[in-house]
Amino acid sequence: MACTISVSLVSEHVDGHIGDDWEYSVTAEVFNPESAGSGRLDVPRHKLAPGSVQLPPNQRTLTLPAGADGGTVQVALTLRAKEVDWVFSDVGEHTMRIELKCPGAGEDPVTVEREISAHVEEKPRVLGGSANIIVKVRVSAASG
């Protein structure tokens, strides 16, 4: 049987204050050991004030092929965030990897939650300031 990887966004928050209009995407790519599938979750422009933890708007789950059951896969997650400004939007990006074992037929799914963050600096530099946008992501491997 084939293994599938599901990726969903659990929560979001921002540390630091350079504005409260944010949009971002989380791209997932599955490696087993070569690229087995990829996709992206886009989160449209919305308000995200410093200090609050909230559910991301536009909730959905991304399901990707991962190859045969029973093996170990890596999932590369890339967060690309933009604090939207009138003249020049400020952008940050970060990639992390998660390793998961694909369960065999009849075994329970394997689920992990991780936080991925992107550092965003205010431009132009004379304005100063920076922020970290943090998104909690749930990644599950299941026998399909």
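Take each of the peptides 9-20, 48-59, average the number of other beta-carbon atoms within 10 Å over its residues, and list them starting from the highest.
Ranked from most to least packed, the peptides come out as 9-20, 48-59.
In region 35-115, which trypsin sites (Lys or Arg not before Pro) fall in coil by DSSP and have 15 or fewer other Cβ atoms within 10 Å?
Listed in order of number, the matching sites are R60.
Excluding P50 itself, what net charge comes from residues whose Cβ is under 9 Å from its Cβ, given Lys and Arg +1 and Asp and Glu -1?
-2
Along the charge dipole of the chain, Cβ charges K/R +1 and D/E -1, which of A81, G129, G37 sits furthest on the positive end?
It is G37.
Which whole-Hz ³J(HN,Hα) couplings does region 68-77 yield from phi under the Karplus relation 6.51 cos²θ - 1.76 cosθ + 1.60, θ = phi - 60°, glycine and proline marked x?
6, 4, x, x, 9, 10, 10, 10, 8, 10
At 4 °C and 1.567 mPa s, grab the translational diffusion coefficient of region 21-139 from Stokes-Einstein with a Kirkwood Rh over Cα pairs, rounded to a whole number in µm² per second.
82 µm²/s
Mind checking the log10 I(q)/I(0) for region 1-91 at q = 0.14 Å⁻¹? Debye, one equal scatterer per Cα, no solvent, two decimals.
Each listed q corresponds, in turn, to -0.59.
In debye to the nearest 20, how big a dipole does region 32-144 give about its Cα centre with +1 on each Lys and Arg Cβ and -1 on each Asp and Glu Cβ?
280 debye
How far apart, in nm, are the 7 Å Cα→Cβ label points at A105 and W86?
A separation of 6.3 nm, rounded to one decimal place.
Just want to confirm a number: the relative contact order over the chain, from Cα pairs under 8 angstrom separated by 6+ residues, in percent.
Reported as a whole number, the value is 33 percent.
Just to check I understand the Karplus step: with θ = phi - 60° and J = 6.51 cos²θ - 1.76 cosθ + 1.60, what whole-Hz values come out for region 15-24, glycine and proline as x?
Each residue of region 15-24 in turn: 10, x, 9, 10, x, 10, 9, 10, 9, 7 Hz.
Counting Lys +1, Arg +1, Asp -1, Glu -1, what net charge surrounds K136 among other residues with beta carbon under 13 Å of its beta carbon?
Charge balance in the 13 Å sphere: -1.
Loop by DSSP (not H, G, I, E, B), at most 14 other beta-carbon atoms within 10 Å: where is the longest site-free stretch of the chain for chymotrypsin sites (Phe, Trp or Tyr not before Pro)?
Counting only loop sites that pass the neighbour cut-off, the longest clear stretch is 1-85.
Read the figures in this text as sums done on the coordinates, not as results from a lab. Quantities reported herein were computed from a predicted structural model and do not represent experimental measurements. No Cβ is skipped: glycine too gets one built from the backbone with ideal geometry, and neighbour counts run over all protein chains shown.
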